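Asks: Take a look at the following structure, please.
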Ligand SMILES: Cc1cc2nc3c(=O)[nH]c(=O)nc-3n(C[C@H](O)[C@H](O)[C@H](O)COP(=O)(O)O)c2cc1C
């Protein structure tokens, strides 16, 4: 039996996520990103299509590398205006029972103590359906507005990220023992202080002496996703990720990346399948191939070349306005997303890329393939991608929204289901269960977060005395 293909949708709280210029298409409702109805309707559509999760991208700056200006991005709505990605999740959770939510947060600009609480809160409010796409950011414009003169260096961002993860794992897994919350009305004990522990973290980047503020949620640690594919990014992903999200151009090239990352997982002491892999994919689907091709041409007529180059400037750190439009791009280390550079240079030696070719490629769907055709054609292509590239699923971006998601849920999902590649109904109810199987709501034993499970039990506690103190003894002391 062929493996299940996991479906995820990819969106952002902005009018133009991965298909620059298409916000102008008359049927595109992307400009209603700032209404709660857009998000609740989308969540219902995705749950009807038994998508595992909605991925929400995020950045903390404006794309101002291209032409050294934020004007192109503003004119074209290229990921600006951009709202906070966390705040619509509760509303979507309220109108769904199963859909998961993986939200991007760049830890480079966060404090682990505060961010851990935000994720715990959402894990409570979604009953264990929350995931975190851990990113380190790539925009200098984010650093400049968040108290730094420039970004930390590329690899140093991942060093900070490793310590950040250690702190949040301690808070989520170790600070509160199972059974700490007793809610004993008769004795007046809500939480047993002897079962809540300060984490006493003192590291290179962070000092967090205290206890986690939130009580344990269903998953404790949210499902961890990651999307950086540079050598250092891959090491980080292999250590922490339960889901890895990849840019993709050809499945044979992506295969090298999934194989190399599975090797890295083993080197990190985790099974080769400890993380799932998803490629960014956009689909343009209609009843027939001919109609889908017509639709694709129609969508492409709205693509913005300036927008594509604006996106690429932000991702890669390269201003392609300084290149001749037919000049071949060569790899160089920048301080932005190195994988966005290597994918157009070193990843596929059989192909070279110029600014014109990149702008053309990025016109719809970012750094991912656009699958065009009837439900059968698109399902064939998805199966080929998943099987050749060694993927576990896809992350579906839109050309227009919610149209692209509705087309996919109505036309492609039934076809994939017929082939036994998409489940009929959710198995389990937490996001981690969708990743690792029913019953696996907590992190796997071989995940680094598990090392902190119960790690502080029996040690110093919020009771301020020996852990053998009972709630009654603590209460009696006053
Ligand atoms: C498919 C994909 C999606 C990404 N989405 C985001 C995002 O929403 N926000 C963000 O700050 N970075 C995002 N990134 C960037 C990465 O998480 C990472 O910070 C960046 O690729 C730099 O790491 P690298 O040099 O290891 O590739 C994404 C990367 C990929 C490949």
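Quick grid of which residues meet (1) closer than 14 Å to residue 461 by Cα; (2) surrounded by 14 or more Cβ atoms within 10 Å (Cβ to Cβ); (3) in contact (Cβ under 8 Å) with a residue 40 or more places away in the chain; (4) more than 33 Å from the chain's Cα centre (by Cα):
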site: 167; (1), (2), (3), (4): no, yes, yes, no
site: 172; (1), (2), (3), (4): no, yes, yes, no
site: 175; (1), (2), (3), (4): yes, yes, yes, no
site: 196; (1), (2), (3), (4): yes, yes, yes, no
site: 199; (1), (2), (3), (4): yes, yes, yes, no
site: 202; (1), (2), (3), (4): no, no, no, no
site: 206; (1), (2), (3), (4): no, yes, yes, no
site: 210; (1), (2), (3), (4): yes, yes, yes, no
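Asks: From 359, 340, which residue is within 12 Å of the ligand (Cβ to nearest atom), modelled with pLDDT of 80 or more, in contact with a helix residue (DSSP H, G or I) (Cβ under 6 Å, 6 or more places away or on another chain) and outside any loop (DSSP other than H, G, I, E, B)?
Replies: Details: 359 fails: within 12 Å of the ligand (Cβ to nearest atom).
Checking each option against the conditions leaves just 340.
Asks: Still on this model: Search the range 139-162 for residues that are farther than 22 Å from residue 311 by Cα and pair each with any residue that is in a loop (DSSP other than H, G, I, E, B) and more than 10 Å from the ligand (Cβ to nearest atom) when their beta-carbon atoms are under 7 Å apart and the residues are at least 6 apart or on different chains.
Replies: Taking only residues 6 or more apart or on different chains, the pairs are 160/152; 160/205.
To keep it simple, each residue is scored yes or no on (1) at pLDDT below 95; (2) within 16 Å of the ligand (Cβ to nearest atom).
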| residue | (1), (2) |
| --- | --- |
| 148 | yes, yes |
| 185 | no, no |
| 196 | no, no |
| 208 | no, no |
| 233 | yes, yes |
| 237 | no, yes |
| 244 | no, yes |
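Asks: Quick check, is residue 260 away from the ligand (no atom under 12 Å from the Cβ), buried (at least 19 other Cβ atoms within 10 Å of the Cβ) and assigned to a helix (DSSP H, G or I)? Give the steps one after another, and end with the answer.
Replies: Details: away from the ligand (no atom under 12 Å from the Cβ): yes; buried (at least 19 other Cβ atoms within 10 Å of the Cβ): no; assigned to a helix (DSSP H, G or I): yes.
No; evaluated as a whole, the condition is false for this residue.
Asks: For the condition surrounded by fewer than 19 Cβ atoms within 10 Å (Cβ to Cβ) and within 14 Å of the ligand (Cβ to nearest atom), what is the one hit in 354, 346? Before you say what the answer is, go through the steps one by one.
Replies: Numbers: 354 fails: within 14 Å of the ligand (Cβ to nearest atom).
Of 354, 346, the one residue that is surrounded by fewer than 19 Cβ atoms within 10 Å (Cβ to Cβ) and within 14 Å of the ligand (Cβ to nearest atom) is 346.
Asks: Let me ask something additional. For the range 92-105, indicate whether the set of residues that are closer than 25 Å to residue 309 by Cα, crowded, with 24+ Cβ neighbours inside 10 Å and more than 16 Å from the ligand (Cβ to nearest atom) is non-empty.
Replies: Let us first name the residues in the range 92-105 that are closer than 25 Å to residue 309 by Cα, namely 104-105.
Next, only the ones that are crowded, with 24+ Cβ neighbours inside 10 Å stay: none.
No: the range 92-105 contains no residue that is closer than 25 Å to residue 309 by Cα, crowded, with 24+ Cβ neighbours inside 10 Å and more than 16 Å from the ligand (Cβ to nearest atom).
Asks: In addition: Please enumerate the residues belonging to the range 335-364 that are touching a residue at least 40 places away in the same chain (Cβ under 8 Å) and under 18 Å from residue 155 (Cβ atoms).
Replies: 335, 336, 337, 338, 339, 340, 342
Asks: How many residues, within the range 53-71, are buried (at least 22 other Cβ atoms within 10 Å of the Cβ) and more than 16 Å from the ligand (Cβ to nearest atom)?
Replies: Summing the residues that are buried (at least 22 other Cβ atoms within 10 Å of the Cβ) and more than 16 Å from the ligand (Cβ to nearest atom) in the range 53-71 gives 1.
Asks: Mind listing just one residue for me: the one in the range 216-231 that is modelled with pLDDT of 95 or more and within 12 Å of the ligand (Cβ to nearest atom) and, of those, surrounded by the fewest Cβ atoms within 10 Å (Cβ to Cβ)? Please lay out each step first, then the result.
Replies: Here is the first cut: in the range 216-231, the residues modelled with pLDDT of 95 or more are 216-226.
Going one step further and asking which of them are within 12 Å of the ligand (Cβ to nearest atom), we end up with 225-226.
Values: 225: 29, 226: 25.
Within the range 216-231, the match that is surrounded by the fewest Cβ atoms within 10 Å (Cβ to Cβ) is 226.
Asks: Quick check: anything in the range 181-193 within 26 Å of the chain's Cα centre (by Cα) and at negative phi?
Replies: Start the filter on the range 181-193 by keeping residues that are within 26 Å of the chain's Cα centre (by Cα), which leaves none.
No: zero hits.
Asks: Okay, moving on. In this structure, does residue 265 turn out to be in a helix (DSSP H, G or I) and crowded, with 16+ Cβ neighbours inside 10 Å?
Replies: Here the answer is yes, as residue 265 does meet what is asked.
Asks: Would you point out the residue of the range 123-136, among those that are within 13 Å of residue 90 (Cα to Cα) and under 15 Å from the mean Cα position of the chain (by Cα), that is farthest from the ligand (Cβ to nearest atom)? Reasoning before the result, please.
Replies: First pass over the range 123-136, keeping only residues within 13 Å of residue 90 (Cα to Cα): 123-130.
Cutting the leftovers down to under 15 Å from the mean Cα position of the chain (by Cα) gives us 129-130.
Values: 129: 19, 130: 16 Å.
Filtering the range 123-136 for residues that are within 13 Å of residue 90 (Cα to Cα) and under 15 Å from the mean Cα position of the chain (by Cα), the one farthest from the ligand (Cβ to nearest atom) comes out as 129.
Asks: How about the range 321-331: which of its residues are assigned to a loop (DSSP other than H, G, I, E, B) and either away from the ligand (no atom under 16 Å from the Cβ) or over 26 Å from the mean Cα position of the chain (by Cα) (or both)?
Replies: 323, 324, 325, 326, 327, 328, 329, 330 - these are the residues of the range 321-331 that are assigned to a loop (DSSP other than H, G, I, E, B) and either away from the ligand (no atom under 16 Å from the Cβ) or over 26 Å from the mean Cα position of the chain (by Cα) (or both).
Residues are listed down the side, and each one gets a yes or a no for (1) surrounded by 22 or more Cβ atoms within 10 Å (Cβ to Cβ); (2) assigned to a loop (DSSP other than H, G, I, E, B):
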position: 214; (1), (2): no, yes
position: 255; (1), (2): no, no
position: 270; (1), (2): no, yes
position: 281; (1), (2): yes, no
position: 291; (1), (2): no, no
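Asks: All but one of (1) more than 16 Å from the ligand (Cβ to nearest atom); (2) surrounded by 24 or more Cβ atoms within 10 Å (Cβ to Cβ) hold for residue 396; which doesn't?
Replies: Condition (1) is where residue 396 drops out.
Asks: Which numbered condition trips up residue 162, out of (1) surrounded by fewer than 19 Cβ atoms within 10 Å (Cβ to Cβ); (2) under 28 Å from residue 396 (Cβ atoms)?
Replies: Status for residue 162: all satisfied but (2).
Asks: Looking at 406, 383, 376 in this structure, which one is away from the ligand (no atom under 14 Å from the Cβ) and within 18 Å of residue 10 (Cβ to Cβ)? Working first, answer last.
Replies: Values: 383 fails: within 18 Å of residue 10 (Cβ to Cβ); 376 fails: within 18 Å of residue 10 (Cβ to Cβ).
Checking each option against the conditions leaves just 406.
Asks: Any residue at all in the range 300-320 that is within 30 Å of residue 71 (Cα to Cα), within 16 Å of the ligand (Cβ to nearest atom) and not in a helix (DSSP H, G or I)?
Replies: Yes.
The values are calculated or read from the model by the stated rules, or taken from the named source; none is laboratory data. Because the structure is predicted, anything quoted here is derived from the model rather than measured. All Cβ positions, even for glycine, are placed from backbone atoms using ideal geometry, and neighbour counts span all protein chains on display.
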